[in-house]
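One structure is given here, and the rest of the page talks about it.
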Amino acid sequence: MPPHLKLYNTMTRSVDEFHPIEPPTVRLYTCGPTVYNFAHIGNLRTYVFEDVLKRVLLESGYDLRHVMNVTDVGHLTDDADSGEDKMEKGAAREGKSVWEIAQFYWDAFRKDMKRLNLIAPDVWCRATDHIAEQIETVRTLEEKGYTYLIDDGVYFDTSKLDDYGKLARLDVSGLQAGKRIEVAAGKKNPTDFALWKLSPKDKKRLMEWESPWGVGFPGWHLECSTMAVKYLGERLDIHCGGVDHVSVHHTNEIAQAESVLGHKWCNVWLHGEFLTMPRGEDGQADRMSKSSGEFLTLDTLIGRGYDPLAYRYFLLNAHYRQQLAFTWEGLDAASAAMKNLKRAVLELRGHYTGDEKPFAAHLDAFLAAARNDLNMPQALAAMWRAVKDTGAPKGEIYATLLEMDKLLGLGIAEMRSERLAVSDDEIRRLLDERTAARAQKNFARADEIRDSLAGMGIEIMDSPEGTTWRKR
């Protein structure tokens, strides 16, 4: 049996022991990018948290099937069925076709995934490749009596469900029309949402399709439930996304899916918290958002000299369910920690033959933290305890780090000395300091300098004639 894994389920509001529906299979669906612009580093925080989840599931021995959607139509600038289509807005901004915009930003997103060491999903599914399936979902809902037609589209009647809003624990009866969303003329309830939006009569959209209700396009919420069922079947083990999806997008996915299927759809809902940025003199923090026009991308960080994996390390320092404030000082600290880790890794690697087994006590502590609702700050602390354990065989500690990195995704096996460039003058200075330490019989300091240089890829050779060095 796989080891015990505990996860915080947004539906139950508690940390529960995870049990897949059909072990050892785990069916995972994660909401993917809307490809009208670059993913910002706040978006990427969610994908890193989901990658850690995947790695923990795989390490635990589960047979994982992961599906991620690509939203290339239907996501309006207001998540609640009003405003411009984000894809059309992106096309107008850049003077390209919506199809060119979608491909360009999907490629950019996958490039970011690789740079952050994110494991790609087993299935990518684009909304525009599944229009027929989405229309069929609406037809099924219509046949079951869950829909109604008004001037601007087909809507889901949320009053037909006694438990609508259960994920977000919405007080549906207390919602005032217009308070949560702008109410379209003819909508029966403030929480009703569009399944199929009809194109304006006086305007041809850049993306539109024929349907039984008229020419139009699918609502944003429709694609996820439709494609998840298509590729993962009628019951999901885990569905993930950002915390901003709880009250609208995921709530509406549940309404659609369970009304079509007639039973509970997903067992566990996981949501990652926001990355925030301080704003103004008052120091108040706001979530990072594309709508503000002010956001940071991974390319921004790289352009300022940061390794993408230093950003991954920065994210691992906070629990996925806690808001995390982004600061350049915090990223500097993460970069310094990564450099220290690389030095240690390169020094430890010199003692590794390939036959050593991981040091059980350190690895067990690490895995216990990771399996306790993905507590990566505690897992990182366990990793550093291993690195600093001078009493353990160094080859075993390196083997331990290799195992830990299956979850951390920091590229320990690929770390190379050239990423830690050091000048010849600095090497000579350290060698002089080491010679002085040995003369004073301060062998602990001499060994520390030797190990530090080894971590930089510098091999020291002592002989009766003196000390020489070379770069490995």
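The values are calculated or read from the model by the stated rules, or taken from the named source; none is laboratory data. Treat the numbers as computed from the prediction; the structure is a model and nothing was measured. Don't worry about glycine lacking a Cβ; one is built from the backbone with ideal geometry, like all the others, and counts go over all protein chains shown.
See the values below:
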quantity: Residues located in the range 21-45, provided they are more than 15 Å from Val67 (Cβ to Cβ) and not aliphatic (A, V, I, L, M); calculated: Glu22, Pro23, Pro24, Thr34, Tyr36, Asn37, Phe38, His40, Gly42, Asn43, Arg45
quantity: Some residue of the range 305-321 being within 19 Å of the chain's Cα centre (by Cα), of a type in the set (Lys, Arg), surrounded by fewer than 18 Cβ atoms within 10 Å (Cβ to Cβ) and at pLDDT 95 or above; calculated: yes
quantity: When residues of the range 407-436 are limited to those that are under 25 Å from the mean Cα position of the chain (by Cα) and surrounded by 15 or more Cβ atoms within 10 Å (Cβ to Cβ), the one nearest to Leu367 (Cα to Cα); calculated: Leu407
quantity: Residue match in the range 210-221 (condition: without any contact (Cβ under 8 Å) to a residue 40 or more places away in the chain, under 24 Å from Ile101 (Cα atoms), of a type in the set (Val, Ile, Thr) and touching a Phe, Trp or Tyr at 6+ places or on another chain (Cβ under 8 Å)); calculated: yes
quantity: Pair list, Cβ under 6 Å, 6 or more apart: the range 20-31 residue under 17 Å from His4 (Cα atoms), other residue among the hydroxyl-bearing types (Ser, Thr, Tyr); calculated: Pro24/Tyr62; Val26/Tyr62
